[in-house]
Amino acid sequence: LINLADLLSSLPWATRLKIAVGAAKGLAFLHDADTPVIYRDFKASNILLDSVSTPLIINYA
């Protein structure tokens, strides 16, 4: 996994958009759960990327 904060400035805009949309979908999933999870520490350093640049939100517990 890659730390997003260290990588973001070197990514093409299309990849940045993919990451932003994926992170937003992740937050929507958490907020729309039967028992909503309100994520209060959303920042680049809490988003990791897998090998195909899919964002993974961490530290939400």
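The values are calculated or read from the model by the stated rules, or taken from the named source; none is laboratory data. These numbers were taken from a predicted model, which means no experiment stands behind them. All Cβ positions, even for glycine, are placed from backbone atoms using ideal geometry, and neighbour counts span all protein chains on display.
How many residues does the stretch 22-34 contain that are farther than 25 Å from residue 11 by Cα and either at pLDDT below 85 or part of a helix (DSSP H, G or I) (or both)? Before the answer, list the steps.
Kept after step one, since they are farther than 25 Å from residue 11 by Cα, are these residues of the stretch 22-34: 29-34.
When the remaining residues are screened for being either at pLDDT below 85 or part of a helix (DSSP H, G or I) (or both), the result is 29-31.
Number of matching residues: 3.
For every residue, the table says whether it meets (1) loosely packed, with under 11 Cβ neighbours inside 10 Å; (2) in a helix (DSSP H, G or I); (3) modelled with pLDDT of 85 or more.
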| site | (1), (2), (3) |
| --- | --- |
| 7 | no, yes, no |
| 14 | yes, yes, yes |
| 17 | no, yes, yes |
| 36 | yes, no, yes |
| 40 | yes, no, yes |
| 52 | yes, no, yes |
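When the stretch 26-61 is examined, which residues are found to be aliphatic (A, V, I, L, M) and touching a residue at least 12 places away in the same chain (Cβ under 8 Å)? It would help to see each step written out before you state the result.
First, pick out the residues of the stretch 26-61 that are aliphatic (A, V, I, L, M): 27-28, 30, 33, 37-38, 44, 47-49, 52, 56-58, 61.
Residues satisfying the conditions are 27, 30, 37, 44, 47, 48, 49, 56, 57, 58.
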Query raised in the report: In the stretch 35-51, how many are among the aliphatic types (A, V, I, L, M) and within 23 Å of residue 15 (Cα to Cα)?
Result: 4
